[in-house]
Every structure is written in C-alpha cells, then in structure tokens.
1. Within the stretch 140-153, which residues are in contact with a Ser or Thr (Cβ under 7 Å, 6 or more places away or on another chain) and part of a strand (DSSP E or B)?
2. Here are the criteria: (1) touching a helix residue (DSSP H, G or I) at 6+ places or on another chain (Cβ under 7 Å); (2) within 22 Å of Lys251 (Cα to Cα); (3) small (Gly, Ala, Ser). Tell me which single one Ala161 does not satisfy.
3. Within the stretch 209-228, can you find the residues that are within 19 Å of Phe126 (Cα to Cα) and part of a strand (DSSP E or B)?
4. Which condition breaks for Gly177 when tested against (1) within 15 Å of Val234 (Cβ to Cβ); (2) not in a loop (DSSP other than H, G, I, E, B)?
5. Here are some conditions: (1) under 25 Å from Thr257 (Cα atoms); (2) of a type in the set (Gly, Ala, Ser); (3) without any contact (Cβ under 8 Å) to a residue 40 or more places away in the chain. Gly151 meets all but one. Which one does it not meet?
6. Going through the stretch 113-169 one residue at a time, which ones are at negative phi and of a type in the set (Asp, Glu)?
7. How many of the residues making up the stretch 188-227 are in contact with an Asp or Glu (Cβ under 9 Å, 6 or more places away or on another chain) and at positive phi?
8. From the list Val147, Val186, Val159, exactly one residue is in the same structural domain as Gly121 (by TED's automatic domain parsing), crowded, with 23+ Cβ neighbours inside 10 Å and not aromatic (Phe, Trp, Tyr). Which is it?
Amino acid sequence: MRDSRRTRTIVGVLLLISLTLVVLSLRGGDSARSGASGFFAPVENAAAAIVRPVRDFLGSIGSLGSKDQQISDLQKQVDDLQGQLNASDYDHNRAKELDDLLHLAGLGQFRIVPAQVIAVGPSQGFAWTVTLDAGRDDGVKVDQNVVTGQGLVGRVVSVTATTSTVLLVVDATSTVGARIESSSEVGYLNGTGDARTLELQLIDPFAPVQVGNRLVSWGVKGGVFTSGVPLGTVTEVRGTAGQLSRIATVKPFVDVTALDLVGVIVQPPRTDPRDSVLPPMPTASASASPSASASSTPKVSSTPKASSTPKASSTPKASSTPQASKSPSSTPSPGKT
C-alpha cells in the first residue's frame, strides 16, 4: 500500500511540474523556455552522452554491409587493373618474340609456321620435349627444325593433325652438327640433359676452339638440321689440342625453360646462310674502339717529344767533331747500290 501511494505521489508531482512548465511556456514566452532549458540542460547532456555511443554503434552496424561492399568493389578494381597490366606485359613480350622470330626467318630465308608451346614434358622416352599447337594440317612434318628469334630449339619427332612433339636440343639423346663462327671447323653438339649446357666435340682434335666462339648449325644436304641456325657460345674448353677427349662446354642461345612462341622451319633456304643469322657483337667492337683510341694517344703525343727543339739543338751533340766526320763516309754506300 505504501509503495502504491508513493508511486501515485511521484506521478502526481511529475504531472504538476509538467503542467507548470506548460503554463510558464505559454505565458512567459522565451524567458520561461530559456529557464526551463537551463534547468533541464544538464539532464539532456547526460542523457545524450549515454545515448550517443549506442546510436553510433547501431548506425555502424547498419552501414557495415555497405562498407564491405565498397571494399569488395575496390579490390575488384585493383584486380582488374593488375590483370590489364599483366596482359599488357604479356602482349608486349609476345610481340617482341614474334618480331625476333620474323627477323631470324628473314635473315636466314627460312619459311616458318608460327606455333605456341601448349605442353612441356617427356614423350616417347625422351626427357626434354614440348608440344606445339601446330601439326600436319599446318604443314609440319617429322625432323623439321624448330626455332625462336634467338636460335635452335630442337626438331620435330612426332606429328598429329593439329599438334606436334619437339625434342629439345638440350635432351641427352640430341646431337646437332655444329660449326664455329667464321671457321670451317665442324663438330657435334650434344645435349647433356641440363637446360643450360651443351657439349661440343670437334671432328679435328687439333682444331682451334676458345671461350667466346659462337656456333651455328651445320647441316648436309638431305640431313635433319638446317644450316646456319644459331646454337650457342663456348664458355669452357676442357683438354688440350690433340686429345680425343677435348670437350667444349656451350651455353645455348635459347632458354628452353621459358618457351612460348616458336617457329617451325617448313622450308629451309636454298643456300647456306653461314653466319648471317648470328646477332652482331656490339660489345666487342665498342670495347675495341676505346683501346684503339687510347693506344693512338701516346703515339700522337710522342711526336712532339721526338721533334723537341732542345734535344735537336743540344750544343755538345751537334758540335761533336767525330759525328760530323762520319757523315761523309756513309754517303758512298747508297751510291754503290
């Protein structure tokens, strides 16, 4: 009973206060409202301080889904831009590969069929092979040579209507006839099973070979390999001249671990292109010019020293009597001849 009375009393007091405030607001105008606001301002500020964090939290929960969507959209845009950049780099590299391939074919007068590597792996018991997307329908045949813009890749060992399998030059069972640049010395370039090394053995054990020599393929009429295709550069020579076991290590021009666009030589040239397909060597010529110019400088500067006036006009040597008497005796000798 006491609790209910107390509750009714509190409610009555609150109603009385409310009515009083309403009357004051109607009669007193701005002064009453300002007084009421000043009276209740601390209460309102305290309530706002409590309610504001809860309101912000509930608002953030409501906008959480939209922020996740924005992040997802931004990530998608980044992925799209990265994909466009990668595609641009790939197209640029592919265009360069095609340009180099056409350049090699033009220099060597090779008729080629462009093809793309679609698989890498062993085939028919070989360790190093690739599969191309060109086959019999494109004019590809067994034993035709495959090249890139840098040099020889290998030869075709099997063909279907739409694909072909190529035995790479680095395979341990591969052997290519090779010739040293600007030389008639020939030998056999053998694969080692290592993608970065080949081994050259010359037919003549006394033939000169040294580090830096470049090799091109050496083919015979009716043979498997086309002549004049770049092979690689000699990096090491083991053994001495005359030894049958003298072997030269060769680094191939073509990186067979990064093949993409290649060309199948479907028609070799009528004449041997010799060394015309090999790239120029600007480094050697550039390094030779500074040395030549450096060596010419002392010769030019030595001329003034030879014609220096003080030495020619030195009084003791010019006026020495024995030297002057020898000059007449030397004159008859040209007259005798």
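1. Asn145, Leu152
2. It is condition (2) that Ala161 fails.
3. none
4. It fails just one condition, (1).
5. Unmet condition: (3).
6. Asp133, Asp137, Asp138
7. Residues in the stretch 188-227 being in contact with an Asp or Glu (Cβ under 9 Å, 6 or more places away or on another chain) and at positive phi: 1 in total.
8. On the way: Val186 fails: crowded, with 23+ Cβ neighbours inside 10 Å; Val159 fails: crowded, with 23+ Cβ neighbours inside 10 Å.
Testing whether each residue is in the same structural domain as Gly121 (by TED's automatic domain parsing), crowded, with 23+ Cβ neighbours inside 10 Å and not aromatic (Phe, Trp, Tyr) leaves just Val147.
The values are calculated or read from the model by the stated rules, or taken from the named source; none is laboratory data. None of these values were measured; they are calculated from a predicted model. Because the Cβ atoms are built from the backbone with ideal geometry, glycine has one as well, and the counts that use them run over all protein chains shown.
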